[in-house]
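J.: Provided herewith is a single structure, encoded as structure tokens, for subsequent inquiry.
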Amino acid sequence: MLDTIGYDCLYNAAQVPGLDDVWSFVASFADGVFTQSHFTLKRLEERLHFDGRCRRVVTHHSLDVDDYGHPSPEEGTYILVIGNHFKHKFVTPTVNKLADLFPDRSFVAVGYAAECSRPNVICVTSGQMDDATFFALYDKALCVVFPSTYEGFGFPILHALARGKVVYARCSALYDELKQSVRYGENLRQFT
């Protein structure tokens, strides 16, 4: 497991029978646990009582934005709100609010979980397009909004930063960690 989402988004925990048993076993008997961020490691350590022999190591996914893309030469034409249909991604309520507040702006919403009937919103089902088409959404965006209420790493942020986009993400200690560790981190703006 890459993060503690099974605990942090309780609607998922009910779908994972034996989650406590698995993590208790890991905490008691694992020789080592690798996490994808200091944020995730802290969350695990807050929940579990690791045996003193268990080494815990943070091994980030790549923090080199060049691994995720390159600055886009295209001028953006819409605001990209990105996530998926899961509740904790918070795409649908975010798009609804933004579309109402900014009726003169165009939006592309990846992961909108309702019928898409707003005239200034194009809805895209997550996981239903090839990589080239998906990443072109970032290239053509004015900026990117990543409204997720919980992440263990935040790949959409890195994809957007790699393309030179300003990213608006919900306040999180994870994003403080990323902001300090990646090139173009100053383009990551947090909101409450």
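J.: Please work out which option in (i) 15.9, 53; (ii) 18.1, 58; (iii) 16.7, 53 gives Rg and Dmax of the Cα atoms in Å calculated from these coordinates, and answer with its label.
T.: Among (i) 15.9, 53; (ii) 18.1, 58; (iii) 16.7, 53, the one calculated here is (ii).
J.: Same structure again: If you build a Gaussian network model of the chain, linking Cα atoms that sit under 10 Å apart, which residue out of D104, D176, D66 swings the most?
T.: D104
J.: Starting from the residue with the highest accessible area, list F90, F25, F107 in decreasing order, probe 1.4 Å.
T.: So, going from the largest accessible area down, we get F25, F90, F107.
J.: Give the residue list of GluC sites (Glu not before Pro) in segment 37-142 that are DSSP loop and have at most 13 other beta-carbon atoms within 10 angstrom.
T.: Taking segment 37-142 and a limit of 13 other Cβ atoms within 10 Å, the loop GluC sites (Glu not before Pro) found are E74, E75, E115.
J.: Which order do S72, S117, S28 take when ranked by solvent-accessible area (1.4 Å probe, heavy atoms of all protein chains), largest first?
T.: Ranking S72, S117, S28 by accessible area, largest first, yields S117, S28, S72.
J.: Here's a follow-up. Can you sort K97, K179 by 1.4 Å-probe accessible area, starting with the largest?
T.: Solvent-accessible surface, decreasing: K97, K179.
J.: If you take the beta carbon distance between Q190 and M129 as r and set R0 to 41 Å, what does 1/(1 + (r/R0)^6) give as a FRET efficiency, to the nearest 0.05?
T.: The computed FRET efficiency comes out at 0.90.
J.: For the chain, with a Gaussian network of springs between Cα atoms less than 10 Å apart, report the residue from V58, V95, V121 with the top mean-square fluctuation.
T.: V58
J.: Hey, in the chain, which Cys have no second cysteine's beta-carbon closer than 4.7 Å?
T.: Those would be C9, C54, C143, C171, since no other cysteine Cβ in the chain comes under 4.7 Å of theirs.
J.: Under a 5 Å amide H to amide H cut-off, with H placed in plane at 1.01 Å, what residues pair with V145 once short-range neighbours are removed?
T.: Those qualifying (amide H under 5 Å, at least 5 residues apart or on another chain) are L80, V81, I82, Y168.
J.: Hey, what number do you get for the chain at 222 nm if only DSSP H runs of n ≥ 4 count, each worth -39500 (n - 2.57), divided across all residues, to the nearest 500?
T.: Taking each H run of at least 4 residues, the total per residue is -9500 deg cm²/dmol.
J.: In segment 71-159, if the dipole is taken from +1 on Lys/Arg beta carbons and -1 on Asp/Glu beta carbons about the Cα centre, which of I122, H85, V144 is farthest to the positive end?
T.: Checking the options against the dipole of segment 71-159, the answer is H85.
J.: If you don't mind, another one. Ranked highest first by average number of other Cβ atoms within 10 Å, how do 150-161, 32-43 line up?
T.: The packing order, highest mean first, is 150-161, 32-43.
J.: Using Cα positions and a limit of under 19 Å, work out the lysines in reach of K89, with same-chain residues fewer than 8 apart set aside.
T.: Of all the lysines, those that pass the test against K89 - Cα under 19 Å, at least 8 places apart if same chain - are K97.
The values are calculated or read from the model by the stated rules, or taken from the named source; none is laboratory data. Note that the coordinates shown come from a computational prediction; the quantities given were computed from them, not determined experimentally. Don't worry about glycine lacking a Cβ; one is built from the backbone with ideal geometry, like all the others, and counts go over all protein chains shown. Quick note on the areas: whole protein, heavy atoms, side chains included, nothing else; ligands and nucleic acids left out. Shrake-Rupley method; radii C 1.70, N 1.55, O 1.52, S 1.80 Å.
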